[in-house]
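*Asks:* One structure, as structure tokens, below. Some questions next.
The values are calculated or read from the model by the stated rules, or taken from the named source; none is laboratory data. Everything numeric in this text was worked out from a predicted model, so none of it was measured. Methodologically, a virtual Cβ is constructed for each residue, glycine included, from the backbone with ideal geometry; neighbour enumeration extends over all protein chains shown.
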Amino acid sequence: MAISLEDPKKFRPLVSQAHQVAMNMLRPISRKYDRAEHEYPKELDMLAAMIDGLSESGANEGAGAAGVRRGEDGAKKDDGGVKNGANLASVMSIAEMCWGDVGLLLSMPRQGLGNSAIASVANDEQAERFAGVWAGMAITEPGTGSDSANITTTAVLDGDEYVLNGEKIYVTAGDRADHIVVWATLDRSLGRAAIKSFVVPKGTPGMRVDRLEHKLGIKASDTATIIFENCRVPKENLLGSPEIDTKQGFAGAMATFDNTRPLVAAMAVGCARAALDLTRSLLADAGVTVDHDRPAHLQHAAAAKLLQMEADWEAAHLLMLQAAWMADNRRPNSLEASMAKAKAGRVGSDITLSCVELCGSVGYSEAELLEKWARDSKILDIFEGTQQIQQLIVARRVLGLSSAELK
Amino acid sequence: MSLIQKLGPGGRHGLATQESRDPIGYAVAALNRVAQSDLIDRLGLRRTAEQTVFTVTRTGFRTATAAGRSFQRAGQRGKPGVRVPSAPRTGVFDLTPTEDEQMLVDVVTELAEEVVRPAAAEADECCTVPDSVRSAAQEVGLPLLGVPESLGGISEERSAMAGTLVAEALAKGDMGLAVATLAPGSVATALGLWGTDEQQRTYLPAFAGEDVPAAALALNEPTVLFDVLVPSTTAVRRGDSYVLNGTKSLVPLGAEAELFVVGASLDGTPVLFLVESSTAGLTVEGDPGMGVRAAGLTRLELTDVTVPAEAVLGATDGTTYTECVRLSRLAWCALAVGTGQAVLDYVTPYVKEREAFGEPIAHRQSVAFMVANIAIELQAMRLLTYKAAARAAAGKEFGREVGLARNLCAAKGMQIGLDGVQVLGGHGFVKEHPVERWYRDLRAVGVMEGSVLV
């Protein structure tokens, strides 16, 4: 095979389809649900039905978070043993949908981050049983953010059921999803190795949505606080192995992140491109265009800034594709997933904020979507591991240091 | 202009033109003149050790260019040269080099580790390439990388990707020596890409032979806000020949080069010209810079240099010239990636060994995060560079991709050099460690035009 970093040819139809959906379905309702926080975007049910239909027909390979799975899927190789598969398809279609609207993408039925967690760690029986659910992801607690090994929500085996107790906050799609993947500890004294994830169907007695957050951005997406009080789930709903393997430690639960971080990078890449595309066109109307051959210093300052943003964007985009490509080819990608999210997260903020600045009051006003994208992008440098957590992971991997050495 | 202004200090010694002297300033300036005079030495007023050593300063040498061999004219004038096909387009996202490319990278990596790196500090100091490096590079076949097989080279298809990987691997050893050893091959590659049958058969056999001529691409000019696409060096048609006038700066191997590819404006359009070093009117003087010193950078002066009509390399509509600029920027991106990797590979063990406050400094986030960011941005630079290179090799439009890669590599490459020195603290500032050299070298990436291409 040979080095090529073009978007995979086979996913061109998928991407252009996602682009049409983003343009014609999400953009027209983007501002509406930014203003009407907590109102259910009913338009999405229609869209979800369409995506399900496409999946059934086989025309749609892995659009959305649920498509990410490292199973033994027969691994159809494209050429010379190199695979462009579901992970690449997912990041590309998610980026495209987030070019439409990040908040709405996060509200897409059956495409939650919990779905990705199920796909990552579920066994075959669970994968089948939870096929088609819409799963939110509940990790963060009032006293526990980035230090997710420290969670206090407990799961105690009682007969054939686990009994869950604790409070989870910032659960994306926590109100609308029909299932929640909850992180809880089997034994606090055994540390991170005892942390397991559980699938809890909505309506299970003892689980309730306490309240919804009012946020800076992604207002179309509901962010819930969920309380578990003696909430009983069948023991088969524990994802992966119930064994507490202190040697493997946190790795099992954390493996989810290797799959979800490239997806969040994709969200930032998509959101940033929305801002970049509009700003480029607004600047062109104002007579400023970028010449890729001329030195930046000899061009309009706005063109020079645009050039720098474009370079940073391409960097995030390619790191995202790299992480997904490695997952498609079954290579460990923790380092690359964190690199992609770190770069995409900070670039997403810089680009969306700079675009507002470049476009002046046009950028700042609600008359355009630029100010909204500058608000939406911020969460992407926070959830699924903050910028600082990504740097910590990259540093530990590059330097070969343990979490005890590099705290 | 008043007398006072004439005596003004501005415009020299790094002073802005509006600097002015007050009476104390004039007194100090006068004292300095005394301090510089030989008289005080004859009177024994100064320790002789104060003699500063400028081994290769601007005034170090100024000579005519190397006499050079006479290239035997061959081939058919006006007949298009041999062209290798583009690399196939697969449409599959893939970061795996071909087997051939991997083999090349392995060989060049060994060369970089065992020959180039050990020679780097001294080569930087003396601004020359040691023979050991030169012959090793020749043995590996660097000059032939972009030369078509049928002309004695090793290229079966467009070699931009292979060239990029090789430049990266070589620069991991040393950027200056990489430029020096890649410069002749860059001219050979240019001949392979754009040369006529006559040009290829006249010049390329020498590059495939035992005694490879030094050669270089001269595109840079010593002006601020320089735009490489608008060179102020001019070419004027006179009968069957062109007359070139102008100054080219930071030209590698200028003192010894036997063949230059010079960029000049012909009727307002930038065009490449093949200029043999023995041509009358060429002078070369040392032009060492902040870094990349092993490349023996020079300033090339062209005064009424007359070359035959068939000295034009490629098209006269600016397309060849623009492609040359892009391929050259691509090479500099690859050099930045290689040098950035050298920094990362050096600081990684350093921060784990160096202790402060009772533990390795790597255990502190402020240090560890700098290393993390070096790793992240370096990989981003690499991916952008590879994307542009792969497009160039496949014969696709790659101007945008090179522009972006250069933008990122110039900014982040410099940041990596800066952070590399910072992480080492005082150790980073002294020549006992190579990081200060990489700092100087990495500044070249946003500045250099020409010199090398892939």
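*Asks:* Out of all the residues in the stretch A:397-407, which are more than 8 Å from every other protein chain (Cβ to nearest Cβ) and either in contact (Cβ under 8 Å) with a residue 40 or more places away in the chain or under 24 Å from the mean Cα position of the chain (by Cα) (or both)?
*Replies:* A:ARG397
*Asks:* Tell me, which residue of the stretch A:337-366 that is in contact (Cβ under 8 Å) with a residue 24 or more places away in the chain and acidic (Asp, Glu) is farthest from the other protein chains (Cβ to nearest Cβ)?
*Replies:* A:GLU366
*Asks:* Here's something else I'd like to know. Residues of the stretch A:323-368 being of a type in the set (Ser, Thr, Tyr) and in a helix (DSSP H, G or I), which ones?
*Replies:* Going residue by residue through the stretch A:323-368, those that are of a type in the set (Ser, Thr, Tyr) are A:334, A:338, A:349, A:352, A:354, A:361, A:364-365.
Within the stretch A:323-368, A:SER334, A:SER338, A:SER349, A:THR352, A:SER354, A:SER361, A:TYR364 meet the criteria.
One line per residue, one yes/no per condition, for (1) free of Cβ contacts under 8 Å to residues at least 12 places away in the same chain; (2) part of a helix (DSSP H, G or I); (3) within 17 Å of the chain's Cα centre (by Cα):
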| residue | (1), (2), (3) |
| --- | --- |
| B:ARG117 | no, yes, no |
| B:ASP124 | no, yes, yes |
| B:VAL129 | no, no, yes |
| B:ARG134 | no, yes, yes |
| B:ALA137 | no, yes, yes |
| B:PRO143 | no, yes, yes |
| B:GLY146 | no, no, no |
| B:GLY153 | no, no, no |
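*Asks:* With the requirement that a residue be crowded, with 20+ Cβ neighbours inside 10 Å and more than 7 Å from chain A (Cβ to nearest Cβ), what does the stretch B:362-372 give you?
*Replies:* Correct list: B:VAL367, B:MET370.
*Asks:* Is it true that A:ALA224 is under 30 Å from A:ARG35 (Cα atoms), at pLDDT 95 or above and aliphatic (A, V, I, L, M)?
*Replies:* Against the criterion (under 30 Å from A:ARG35 (Cα atoms), at pLDDT 95 or above and aliphatic (A, V, I, L, M)), A:ALA224 qualifies.
*Asks:* Using the structure shown, decide if B:THR348 is within 14 Å of chain A (Cβ to nearest Cβ), free of Cβ contacts under 8 Å to residues at least 12 places away in the same chain and among the polar types (S, T, N, Q). Show your work before the answer.
*Replies:* Values: within 14 Å of chain A (Cβ to nearest Cβ): yes; free of Cβ contacts under 8 Å to residues at least 12 places away in the same chain: no; among the polar types (S, T, N, Q): yes.
Criteria not met by B:THR348.
*Asks:* Consider the stretch A:274-294. How many of its residues are within 14 Å of chain B (Cβ to nearest Cβ) and either modelled with pLDDT under 95 or assigned to a helix (DSSP H, G or I) (or both)?
*Replies:* The total comes to 2.
*Asks:* Of all residues in the stretch A:173-188, which are touching a strand residue (DSSP E or B) at 6+ places or on another chain (Cβ under 6 Å) and assigned to a loop (DSSP other than H, G, I, E, B)?
*Replies:* So the first thing to find is which residues in the stretch A:173-188 are touching a strand residue (DSSP E or B) at 6+ places or on another chain (Cβ under 6 Å), and the list is A:173-175, A:177, A:179-186.
Within the stretch A:173-188, A:ALA173, A:GLY174, A:ASP175, A:ALA177, A:LEU186 qualify.
*Asks:* Looking at the stretch B:131-149, which of its residues are closer than 14 Å to B:ALA215 by Cα and in contact with a Ser or Thr (Cβ under 8 Å, 6 or more places away or on another chain)?
*Replies:* B:ARG134, B:LEU142, B:LEU144 - these are the residues of the stretch B:131-149 that are closer than 14 Å to B:ALA215 by Cα and in contact with a Ser or Thr (Cβ under 8 Å, 6 or more places away or on another chain).
*Asks:* Would you say B:THR279 is part of a loop (DSSP other than H, G, I, E, B), farther than 12 Å from B:ALA216 by Cβ and touching a strand residue (DSSP E or B) at 6+ places or on another chain (Cβ under 7 Å)?
*Replies:* yes
*Asks:* Now a separate question. What number of residues within the stretch A:1-37 are surrounded by 14 or more Cβ atoms within 10 Å (Cβ to Cβ), more than 14 Å from chain B (Cβ to nearest Cβ) and not acidic (Asp, Glu)?
*Replies:* Counting residues in the stretch A:1-37 that are surrounded by 14 or more Cβ atoms within 10 Å (Cβ to Cβ), more than 14 Å from chain B (Cβ to nearest Cβ) and not acidic (Asp, Glu) gives 12.
*Asks:* Then there's this: For residues in the stretch A:305-336 being at the interface with another protein chain (Cβ under 9 Å from one of its Cβ atoms) and of a type in the set (Gly, Ala, Ser), which is farthest from A:SER90 (Cα to Cα)?
*Replies:* Across the stretch A:305-336, the extreme among qualifying residues is A:ALA311.
*Asks:* Report yes if B:ALA294 is assigned to a helix (DSSP H, G or I), buried (at least 24 other Cβ atoms within 10 Å of the Cβ) and not assigned by TED's automatic domain parsing to the domain that holds B:LEU442, otherwise no.
*Replies:* yes
*Asks:* Restricting attention to helices (runs of 4 or more DSSP H) lying wholly within the stretch B:346-454, give those where 2 or more residues are among the small types (Gly, Ala, Ser). Reasoning before the result, please.
*Replies:* Values: elements: B:365-393, B:399-424, B:426-429, B:435-442.
The qualifying helices (runs of 4 or more DSSP H) are B:365-393, B:399-424, B:426-429.
*Asks:* In addition: For B:LYS352, only one of the following conditions fails: (1) on the phi > 0 side of the Ramachandran plot; (2) in contact with a strand residue (DSSP E or B) (Cβ under 6 Å, 6 or more places away or on another chain). What is its number?
*Replies:* It is condition (1) that B:LYS352 fails.
*Asks:* Do the conditions hold for B:THR96, that is, is it without any contact (Cβ under 8 Å) to a residue 24 or more places away in the chain, within 14 Å of another protein chain (Cβ to nearest Cβ), crowded, with 19+ Cβ neighbours inside 10 Å and part of a loop (DSSP other than H, G, I, E, B)?
*Replies:* So B:THR96 fails the test.
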